[in-house]
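A.B. asks: Below you will find the structure I want to go over with you.
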Amino acid sequence: MSDDEARLSTRKRVTVPKTYKLYVGGSFARSESGRVAAVADADGTFRANAAKASRKDVRDAVAAARKAFDGWSGASAHNRGQVLFRVAEMLEGTRARFAAEVAATEGLATPEAEHAVDTAVDRMFWYAGWTDKLGVLRGGVDQVAGPYTAHSSPEPVGVVGVAAPRRSSLLGLVSVLAPVLAAGNCAVVLVDTKVAVPAVSLCETLATSDVPDGVVNVLTGDPAELTSRLASHSDVDALDPSGTDESLRGELEETAAGSVKRVLDAPLVEPDWSTAPGTKRLRAFTELKTVWHPIGE
């Protein structure tokens, strides 16, 4: 081995830390504030930087979600189901990557992380199957006494703000996001920078699948700083506070009441996301539309 080769073999490589960006309107962008926050693994090892969203980023994300709503809600239930099936396929295809990220982020053993990823894939697949069955679950012909019939059908509420779970970086996120999308809504999701890596990887999956731009918008940052901005935004129709502290719930509900915003009755303590989800979240983010039709001559 030559002297040059020996020097190259012993030289310590300087790694280039990645800076994860926000996902708004189908594009990855830096925060308009220019702020970033360091992201560490569960053992304290520095992993990357993540953009720290601002109030302006929240407004941009809500605008992108509102712009995408008509197209997504107007698509057939079958079409939305196929899109979510595709997301599940993409998650399955990158299972090893997600398992490694979940293990590092949450401090889990590899088998536990793999189980969390597998459950997240199954969860997305499960909600995809509900898209064309929601009408049967919530809709139907109402029993009325009179010369008319009443037909009810579920419709999405609109733009849903979501505070992502902080203890379950992927499975929890999928568990709160999938029902919002399956019901035909668009989402603005706030993710704590401490668990940002799996969330941003999910965004990369969404960007390379068939999810239309703006249907899902993900902001990394401080939920305590930004959730109240979603609660007060007049163009946000519903709020899922699952990832917020118990101490903030009352304030968020009071703020949301100012714009007559629906707030999900989420548990104060994060549940075990691996348990069967049921249809509560699907029903929570739909409205019943009733049409009255006269009968007889």
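A.B. asks: If I ask for residues that are assigned to a loop (DSSP other than H, G, I, E, B) and open to solvent by less than 10 Å² (accessible area, probe 1.4 Å), which ones from segment 184-224 would you list?
C.D. replies: Filtering segment 184-224 for residues assigned to a loop (DSSP other than H, G, I, E, B) gives 184-185, 208-215, 222.
Within segment 184-224, GLY184, ASN185, GLY214, VAL215 qualify.
A.B. asks: Touching a residue at least 24 places away in the same chain (Cβ under 8 Å) and outside any helix (DSSP H, G or I): which single residue out of ALA88, ALA48 fits that description? Give the derivation first.
C.D. replies: Working: ALA88 fails: outside any helix (DSSP H, G or I).
Of the residues listed, the single one that is touching a residue at least 24 places away in the same chain (Cβ under 8 Å) and outside any helix (DSSP H, G or I) is ALA48.
A.B. asks: Take ALA42 and tell me if it is modelled with pLDDT under 95 and part of a strand (DSSP E or B). So that I can check it myself, show each step before the final result.
C.D. replies: Working: modelled with pLDDT under 95: yes; part of a strand (DSSP E or B): no.
Considered against the rule, which asks whether it is modelled with pLDDT under 95 and part of a strand (DSSP E or B), ALA42 comes out as no.
A.B. asks: Condition check: open to solvent by 20 Å² or more (accessible area, probe 1.4 Å), assigned to a helix (DSSP H, G or I) and under 26 Å from ASN49 (Cα atoms). Does SER228 satisfy that? Break it down stepwise before answering.
C.D. replies: Numbers: open to solvent by 20 Å² or more (accessible area, probe 1.4 Å): yes; assigned to a helix (DSSP H, G or I): yes; under 26 Å from ASN49 (Cα atoms): yes.
Judged against the criteria, SER228 is a match.
A.B. asks: Quick check: anything in segment 167-182 among the basic types (Lys, Arg), outside any helix (DSSP H, G or I) and under 13 Å from the mean Cα position of the chain (by Cα)? Quick ask: steps written out before the conclusion?
C.D. replies: Taking segment 167-182 and keeping what is among the basic types (Lys, Arg), we get 167.
Checking the rest, the ones that are also outside any helix (DSSP H, G or I) come to 167.
With the extra rule that they be under 13 Å from the mean Cα position of the chain (by Cα), the set shrinks to none.
So far as segment 167-182 goes, no, none of its residues is among the basic types (Lys, Arg), outside any helix (DSSP H, G or I) and under 13 Å from the mean Cα position of the chain (by Cα).
A.B. asks: Counting only residues that are open to solvent by 20 Å² or more (accessible area, probe 1.4 Å), in contact with a strand residue (DSSP E or B) (Cβ under 7 Å, 6 or more places away or on another chain) and assigned to a helix (DSSP H, G or I), how many does segment 110-163 have?
C.D. replies: So the answer is 2.
A.B. asks: If you don't mind, another one. I'd like to check something: does segment 178-193 contain any residue that is at pLDDT below 95 and charged (D, E, K, R)?
C.D. replies: Scanning segment 178-193, I find no residue that is at pLDDT below 95 and charged (D, E, K, R), so the answer is no.
A.B. asks: OK, next. Give the residues of segment 166-183 that are polar (S, T, N, Q) and either open to solvent by 10 Å² or more (accessible area, probe 1.4 Å) or under 19 Å from ASP213 (Cα atoms) (or both), sorted by residue number. Please lay out each step first, then the result.
C.D. replies: Step one: filter segment 166-183 for residues polar (S, T, N, Q), giving 168-169, 175.
Once the filter is applied, which keeps residues that are polar (S, T, N, Q) and either open to solvent by 10 Å² or more (accessible area, probe 1.4 Å) or under 19 Å from ASP213 (Cα atoms) (or both), segment 166-183 yields only SER168.
A.B. asks: Something else now. Residue by residue through segment 240-297, note down the ones that are under 26 Å from ARG167 (Cα atoms), open to solvent by 50 Å² or more (accessible area, probe 1.4 Å) and of a type in the set (A, V, I, L, M, F, W, C).
C.D. replies: LEU268, VAL269, ALA276
A.B. asks: Of everything in segment 29-53 that's among the acidic types (Asp, Glu) and farther than 18 Å from LEU226 by Cβ, which residue is surrounded by the most Cβ atoms within 10 Å (Cβ to Cβ)? Don't jump to the end; show me each part of the working.
C.D. replies: Kept after step one, since they are among the acidic types (Asp, Glu), are these residues of segment 29-53: 32, 41, 43.
Filter once more, keeping what is farther than 18 Å from LEU226 by Cβ: 41, 43.
Values: ASP41: 16, ASP43: 7.
Once the filter is applied, the top-ranked residue is ASP41.
The values are calculated or read from the model by the stated rules, or taken from the named source; none is laboratory data. What you are looking at is a predicted structure, and each value in this text was computed from that prediction instead of being measured. Cβ: placed from backbone, ideal geometry, glycine included. Neighbour counts: every protein chain shown. Only protein heavy atoms, including side chains, enter the accessible area calculation; ligands, DNA and RNA are left aside. Shrake-Rupley method; radii C 1.70, N 1.55, O 1.52, S 1.80 Å.
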